[in-house]
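Report on one structure; see the data block that follows.
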Amino acid sequence: MSDIHRTDRLKMMRSQYENTRLKSTLAERNQQLHTTEQQLTNTQINYKHACKNTRMLMVFCVLLIVVMSLGGAA
């Protein structure tokens, strides 16, 4: 009977160890996912700023061309 209790106890200890190991792995993966999501968010923000700056530059160039055209026509 003592062997049965030992076997059950060993199984329980192994299960607890496996559970702890899986929780640790999950926490590490969650941290990696969070880091990747943050990098992606930063990249998206930088892309939006770059697009906005490019549009502003294009508007400035068009306005400059219009002003130069009007100034040369007068």
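The values are calculated or read from the model by the stated rules, or taken from the named source; none is laboratory data. Just so it is clear, the structure is predicted and the values come from calculations on it, not from any experiment. In this analysis, Cβ positions are derived from the backbone assuming ideal geometry, glycine residues included, and neighbour counts consider all displayed protein chains. For the accessible areas, the whole protein counts, side chains as well, though only heavy atoms, and no ligand, DNA or RNA atoms are used. Shrake-Rupley method; radii C 1.70, N 1.55, O 1.52, S 1.80 Å.
The alpha-carbon of Lys48 sits under 18 angstrom from the alpha-carbons of these aspartates and glutamates, leaving out residues fewer than 8 places away in its chain: Glu37. Overall, the accessible surface of the chain at a probe of 1.4 angstrom is composed of carbon and sulfur to the extent of 64 percent.
Have a look at Ile4, Leu57, Asn30 and report the one farthest towards the positive end of the charge dipole of the chain, computed about the Cα centre with Cβ charges (Lys/Arg +1, Asp/Glu -1). Towards the positive end, the residue furthest out is Ile4.
Only lysines eight or more places from Lys11 in sequence, or on another chain, were considered; those with a Cα closer than 23 Å are Lys23. Over the chain, accessible surface divided per residue gives 98 Å², non-protein components excluded, 1.4 Å probe.
Charging the Cβ of each Asp and Glu at -1 and of each Lys and Arg at +1, and nothing else, the dipole of the chain about its Cα centre rounds to 120 debye.
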